[in-house]
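One structure is given below, encoded as C-alpha cells.
The values are calculated or read from the model by the stated rules, or taken from the named source; none is laboratory data. Computed from a predicted structure; not experimentally measured. Neighbour counts are summed over all protein chains in view; Cβ atoms, including those assigned to glycine, are modelled from backbone coordinates with ideal geometry. Surface accessibility is based on the protein's heavy atoms, side chains included, excluding ligands, DNA and RNA. Shrake-Rupley method; radii C 1.70, N 1.55, O 1.52, S 1.80 Å.
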Amino acid sequence: MSDAPAEPRDRIERIAEQVARIKSENAHLVERVAESERRFRRISRGVLRLQEEERSRISRDLHDGIGQLLTALKIQLELLEHEAAGFSDLASRIAAARELSDTSLAEVRQLSHILRPQMLDELGLEPTLRWLARTFQKRTGIDVEVVLEGRERRADADLETLVYRIVQEALTNAARHSGARAVTVTLCRERRKLSVRIADRGTGFDADALLSASDEDRGFGVRAMRDRVEFVDGRFSLRSAPGEGTVVEAEIPLPEPAKETE
Ligand SMILES: Nc1ncnc2c1ncn2[C@@H]1O[C@H](COP(=O)(O)OP(=O)(O)O)[C@@H](O)[C@H]1O
Ligand SMILES: [Mg+2]
C-alpha cells in the first residue's frame, strides 16, 4: 500500500522549510560574491599602489641619478666651451655637445615628471594639474583652461594620484583623438567628495559602443579610468557622441575628514 497523502498542513510546512533553506543559501551565496568582490577591489587597489610606487621610484632615479649626471656633464662642457673660446672651431663643437646635454637633461626631466610628478607628493593636486595643463599646452598647442572650485586642501595621496591619472589620460585622448583646439579641466573639492571633469569640443565618438564592446583590447585607457574610479566606490561617466565633443567625469568619495584644528 502506498503512503497516505501528507496532510496539506504538513506539505505547506515542508515547502516553507525548503523556501527558508533556499533563502538562507541564497543569502550565503550573495555574501560570498560580495566578499570576493571586496577582495578583488582590495587586491586591485594594492596592485595600483605598487604600480604608482614603482613609477615614483623610477621617476626619482631618473631625476636624481641620470639627471644629476647630465647636469654635471653640462657644467663640464660649459667650462670647456669657455676655455676653448680662442679656438672657434673647437668651441662651436663643444657648444653643440653642451646643447645636446641640455636637450637630454630636459627630456629626462620631462620623462621623470610624466612617470610621476614629485610635485604631486610635495605640493598636491592643484599645482600639479596647473603644471600638467601648461606642459600639455606647450607640447600640443591645445588650450587648457583649469578651473578650481572649493577650498584647496590635501586629500589621501592615492585619491589625488587617481584624479591626476584621469586628467592625464583624458587630456592625452583629447590630443590624440578629438581634434579639439581647447579643453577645460574642472576640479571641485567638497567636504566629502572630489570631482573632476574634462571636457573637449572635438569630434566626439560613440562612447556607449566602446564601453559595452566585448573586445577588451579596444578602449583600454577608458576602461582603466572607469575601473580605477569604481575600485574606490566612485562614479565615472563618459559622455560623447559624434560631432558633440567628449566629457569625462569622475566623482570620488572622500573619507570623513579628521577634526580640523583652526
Ligand atoms: N576625447 C575623445 N575624443 C574623440 N574620441 C575619443 C576621445 N577619447 C576617446 N576616444 C575614442 O575612444 C577610443 C578609446 O580610447 P582609449 O581607451 O583611451 O584608447 P586609446 O587612446 O589607446 O585609443 C579611442 O581610440 C577613440 O576612438
Ligand atoms: Mg587613451
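Listed values, structure above:
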read-out	value
Which listed residue, of Arg165, Arg201, Arg191, Arg197, is of a type in the set (D, E, K, R) and within 16 Å of ligand 2 (Cβ to nearest atom)	Arg165
Residue match in the range 15-23 (condition: without any contact (Cβ under 8 Å) to a residue 12 or more places away in the chain, outside any helix (DSSP H, G or I) and on the phi < 0 side of the Ramachandran plot)	no
In the range 151-185, the residues that are open to solvent by less than 30 Å² (accessible area, probe 1.4 Å) and polar (S, T, N, Q)	Thr161, Ser178
Count of the range 188-212 residues which are part of a strand (DSSP E or B), touching a residue at least 60 places away in the same chain (Cβ under 8 Å) and more than 15 Å from Ser237 (Cα to Cα)	1
Only listed residue being touching a strand residue (DSSP E or B) at 6+ places or on another chain (Cβ under 8 Å), at pLDDT 95 or above, under 26 Å from Leu120 (Cα atoms) and within 13 Å of ligand 1 (Cβ to nearest atom), chosen from Val163, Val222, Val248, Val196	Val248
Test: residue in the range 214-228 that is of a type in the set (Lys, Arg) and surrounded by 18 or more Cβ atoms within 10 Å (Cβ to Cβ)	yes
Single condition Gln110 does not satisfy, out of (1) outside the structural domain of Glu78 (by TED's automatic domain parsing); (2) touching a residue at least 24 places away in the same chain (Cβ under 8 Å)	(1)
Lone unmet requirement of (1) more than 16 Å from ligand 2 (Cβ to nearest atom); (2) under 29 Å from Leu254 (Cα atoms); (3) among the aliphatic types (A, V, I, L, M) for Ala241	(2)
Test: residue in the range 134-145 that is assigned to a helix (DSSP H, G or I), open to solvent by less than 20 Å² (accessible area, probe 1.4 Å), among the hydrophobic types (A, V, I, L, M, F, W, C) and more than 13 Å from ligand 1 (Cβ to nearest atom)	yes
For Ala72: the one exception among (1) of a type in the set (Gly, Ala, Ser); (2) more than 27 Å from Arg139 (Cβ to Cβ); (3) touching a residue at least 60 places away in the same chain (Cβ under 8 Å)	(3)
Cβ-Cβ under 6 Å pairs, at least 6 apart or on other chains, the range 32-54 side within 17 Å of Asp158 (Cα to Cα), far side of a type in the set (A, V, I, L, M, F, W, C) and open to solvent by less than 70 Å² (accessible area, probe 1.4 Å)	Arg41/Phe231; Ser44/Phe231; Arg45/Phe231
